[in-house]
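The values are calculated or read from the model by the stated rules, or taken from the named source; none is laboratory data. Worth saying up front: this structure is predicted, and the values here are computed from it rather than measured. Positions of Cβ are backbone-derived with ideal geometry, glycine not excepted, and every protein chain shown enters the neighbour counts. Quick note on the areas: whole protein, heavy atoms, side chains included, nothing else; ligands and nucleic acids left out. Shrake-Rupley method; radii C 1.70, N 1.55, O 1.52, S 1.80 Å.
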Amino acid sequence: MAIKMNMEVMELMFYYWQATSEREKVGEAYLATIANNAEMEKIYTEEFTGESVRRALSAITNREIFSAESKKESRFWNNNMWAMEDMGLMEAMMAPLKVMNLDDVKVAGDLDVVILPMHMDTFYKKDGQLFINFFRIQADIIEGGPLKIEDTEIKAWIEKIAA
């Protein structure tokens, strides 16, 4: 039984948020790297696609009005705007995720835990992978307590969802 964490897309997003919040222009090629990431592609639907991701992130970095074509696109755009407004909170969420060891999490079989910047859903489970919406993770920036999802410590939450 092996469980591992994949933060690849979140590392890309963290750079995007930092650069954009500092008024640096993030190029279309970088946005395409995020939108076309294999892990991101696994959560796409008819109403939320790679083009949705590219358009929303492009509008933010170019400081343009975003015209969402679905509620999921609108939420994705809104979540990313929120992320940039409070970089201290983003850092408080990213730091423990980067070093999180899931070896003590009890799951049946192998499981890849993939943290992604999603829209409305808290998680997806698909093909031995658990995709967790980064924007649903709760950080305790005052007390420095463990990260939580749905008011449950993240490791216990993963065990419950993976069961």
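Write out, first by first residue and then by second, each pair whose Cβ atoms fall under 7 Å of each other, whose residues are 6+ apart or on separate chains, and whose first residue, in segment 1-29, is in contact (Cβ under 8 Å) with a residue 24 or more places away in the chain while the second is charged (D, E, K, R) and surrounded by 15 or more Cβ atoms within 10 Å (Cβ to Cβ).
Sorted first by the residue in segment 1-29, then by its partner, the pairs are Lys4/Asp112; Asn6/Glu39; Asn6/Asp112; Glu8/Glu39; Val9/Glu39.
When you go through (1) within 14 Å of the chain's Cα centre (by Cα); (2) surrounded by fewer than 18 Cβ atoms within 10 Å (Cβ to Cβ); (3) without any contact (Cβ under 8 Å) to a residue 60 or more places away in the chain one by one for Ile142, which number turns out not to apply?
(1)
As an exercise: evaluate Glu22 against (1) open to solvent by 50 Å² or more (accessible area, probe 1.4 Å); (2) modelled with pLDDT of 95 or more and give the number of the one condition it does not meet.
Looking at each condition in turn, Glu22 falls short on (2).
Among what's in segment 33-64 and is of a type in the set (Lys, Arg) and not in a loop (DSSP other than H, G, I, E, B), pick the residue that is surrounded by the most Cβ atoms within 10 Å (Cβ to Cβ).
So the residue we want is Arg55.
Within the set of pairs 6+ apart or on separate chains, which have a first residue in segment 106-117 that is more than 8 Å from Ala162 (Cβ to Cβ), a second that is among the aromatic types (Phe, Trp, Tyr) and open to solvent by less than 20 Å² (accessible area, probe 1.4 Å), and C-beta atoms under 7 Å apart?
What qualifies is Val114/Phe131; Ile115/Phe134; Leu116/Phe131; Leu116/Phe134; Pro117/Phe134.
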